[in-house]
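Presented below is the structure to which this report refers.
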Amino acid sequence: MGSMKLGSIVLLTGAAMLAGCNKKPDDVSLKDASVEKVANTAQNAVKMQPGQWEMSFAIDKMEIPGMPAGSSAPKAEPTKATTCVTPEQAAKPAGDMFAGKGMGDCKFDHFTMNGGKMDAAMTCKMPQGESKTTMTGTYSSTSFSNEVTSTVNMPNNQKVTVHATSAGKRIGECPKAS
């Protein structure tokens, strides 16, 4: 399982967590739903504040076949990025952030967002096996924090498990263009 695929899951999760609190549009509860259905429903709930955002992503645990029991791949330093979210982007986030493009044939077993908390489980069928991913975290219009655990069941009964965290917060206005 590549870090790009896990990164797609984390982007999906982080974007889904950036929901607002109006008519309770963040009250999302779906079962056995396609990624498109979750994307459309969660996208309508997103009320992320425009501005400069600081985001981080870290893989803190990786279990790979052949590793000694109880061991984990070395921890990598968190990846951090700063990005400017325009009012247009905040009003209509990119739908592919929710769709988990490149993940395979995926379906959410459940996806809930309510009162600043998010919980989801997704199953993806891929040519090299099947993955099960769980996501939990918190969100507001100015921040998110989440944990993602993904287990890929590969041929020959081998499993790769990855645990990652991501977080983001609005840190101010976007820099003025010069």
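For E54 and E130 in one chain, what is 0.36 nm times their gap in residues minus the Cα-Cα distance, to one decimal in nm?
Values: separation 76, 0.36 × 76 = 27.36 nm, distance 3.24 nm.
The span from E54 to E130 would gain 24.1 nm if fully extended.
Order these peptides, 127-140, 54-67, by their mean beta-carbon neighbour count within 10 angstrom, highest first.
In decreasing order of mean packing, 127-140, 54-67 become 127-140, 54-67.
Which value in nm describes the separation of the simple spin-label points at S29 and I171, placed 7 Å from the Cα toward the beta carbon?
Here the answer is 3.8 nm between the modelled labels.
Take the residue pairs K47/K132; K117/K159; K37/K125; K31/K159 and return only those whose Cα atoms are more than 23 Å apart.
In this structure, K47/K132; K117/K159; K31/K159 exceed 23 Å between Cα atoms.
Given R₀ = 22 Å, what would the calculated FRET efficiency be for N40 paired with N114, taking r from the Cβ atoms and rounding to 0.05?
Efficiency at R0 = 22 Å is approximately 0.80.
Can you list the aspartates and glutamates whose alpha carbon is less than 17 Å from that of K80, not counting same-chain residues fewer than 8 positions off?
Within the straight-line limit of under 17 Å, K80 reaches these aspartates and glutamates: E54, D60, E147.
FYI, it's all coordinate maths here, none of it is from the lab. The model shown is predicted, which means the values in this text are computed figures rather than measured ones. Cβ atoms come from the backbone with ideal geometry, glycine included; neighbour counts cover every protein chain shown.
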